[in-house]
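Notes to accompany the following structure.
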Amino acid sequence: MKKILTLTLFCLTAFTIQAQKLTISKQTIDVGKTAYEVPITGTFELKNKGPRSIVITNVKADCGCTKTEWPKRSISSGEKFTISMTYDARMLGHFNKQIAVYCRTSGRTSKTEIKPVYLKMKGVVLAEASTENMAEKYPYDLNGLRADINNLEFDDVNKGDVRQAEFNIYNNTSSVITPNMLHLPPYLAAKAIPEKLSPYRTGKMIVTLNSQKVYGMGLTQTSIYLASTLGESIRSEIEIPVSVVLLPDMSKFDGNNKQFAPKMQLSSSELSLDAKHKSGVITITNQGRTPLKISSMQLFTKGVKVQLNKSELQPGEVATLKAKVYPNDLKKVRSKPRILMITNDPDHAKVVISINYK
């Protein structure tokens, strides 16, 4: 569904003749069909191609039926990011929704407002999705309840953020059920809409993250369980893995201080392995002016072993990251194997290396 359409906006600052450019891939998204009261989301991909960092100051929807999500942080020059809008689908028929994105250049001085960007989403709400399409629309069977996801990821979270993740569910039984989430850790809360789900009807689950209650930077993983009743036992058939990536505070590198920051360079952002080549190597170079520290290195899934020969690199120094896959263990994982590193490079506070195994 990704069509490329580029929109370039220009903003001249008082201290530079360079233009501030923001590019958008696909300014209008057609999300297709959804059922009544089954929220639908469109995600827009953008890139800051200007010479300065930007901050999104506000995102305004054209009605209260649309919710938005956007990065609540400074977006560096050359960085890609996403903005999403979710329509609650509480009116039948075709819909056209629009949001206005307001941003400015960041920094301690010369903060310049940029002309608003307008993003649009269209589709159609039906009285109910046809039952023959339910297995395709809700591919994951959780013991009578079907869902359109089988794991949740809270990515790029700053301490203090409150995030929400929504996913859609379908009652594939002939009985009224009460969807609920079991085994929630202190930093997660969940709510079902509606609280009782009639036979062959759709609903949604809203999972809320309170990052203040997450301990430690980097990756935190747990499992929650989507049950049909409060008394249902916990088992793998209804499991939904949850991951949270908490980023460190990089405010000390704001403004002119950024010139003194470490700068990480990878030889590659992914490893392609196979049955003959089950291990691979990536080199890490510090091209900055101060020591590069890799404070955390973790894995999103089982089935991979990693080894880093040094976690602190002086300017110009090189480290070696070795990764090895275990095919039998990889067969059991639900998400793509990835390596996560948390660093003190403000442009690469979170580094993800993908592992492709055939």
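The values are calculated or read from the model by the stated rules, or taken from the named source; none is laboratory data. Note that the structure is a prediction, hence the values are computed from the model and not measured. Glycine also receives a Cβ, built like all others from the backbone with ideal geometry; neighbour counts cover every protein chain displayed. We work out accessible area using only protein heavy atoms, side chains counted, and drop any ligands, DNA or RNA first. Shrake-Rupley method; radii C 1.70, N 1.55, O 1.52, S 1.80 Å.
Some observations on this one:
- Diffusion constant of the range 198-241 at 37 °C, which comes from Stokes-Einstein with the Kirkwood Cα-pair radius and 0.692 mPa s, µm²/s: 247 µm²/s
- Taken about its Cα centre, the chain carries a charge dipole of roughly 940 debye when the Cβ of each Lys and Arg holds +1 and the Cβ of each Asp and Glu holds -1.
- Considering only 101, 333, 242, the mean-square fluctuation computed in a Gaussian network model of the chain, springs between alpha carbons under 10 angstrom, is largest for 333.
- Residue among 257, 48, 180 with the largest mean-square fluctuation in a Gaussian network model of the chain, springs linking Cα atoms under 10 Å: 257
- Across 115/350; 263/310; 159/293, pairs whose alpha-carbon gap is larger than 24 Å: 115/350
- Candidates 206, 283, 352 compared by Cα position along the dipole of the chain: farthest toward the positive end lies 283, with charges placed on Cβ.
- Contour excess over end-to-end distance, with Cα ends at residue 150 and residue 317 and 0.36 nm allotted per residue: 56.0 nm
- In this Cβ point-charge picture (+1 for Lys and Arg, -1 for Asp and Glu), the range 212-264 has a dipole of about 360 debye about its Cα centre.
- DSSP-defined antiparallel bridges as percent of all bridges, the range 218-358, nearest 5: 90 percent
- Whole-number Å³ per residue for the convex hull built on Cα positions in the range 254-343: 97 Å³
- Distance between the range 163-201 and the range 258-322 - C-alpha centres, whole angstrom: 40 Å
- Ligands, DNA and RNA left out, the accessible area of the chain computed with a 1.4 Å probe is 49% carbon and sulfur.
- Cross-link reach is defined here as a Cα-Cα straight distance under 17 Å, omitting same-chain residues fewer than 8 places apart; for residue 204 the aspartates and glutamates meeting it are 37, 88, 128, 136, 141, 148, 153, 166, 195, 239.
- Within straight-line cross-link reach of residue 49, aspartates and glutamates at Cα separation under 12 Å, skipping those fewer than 8 residues along the same chain: 79
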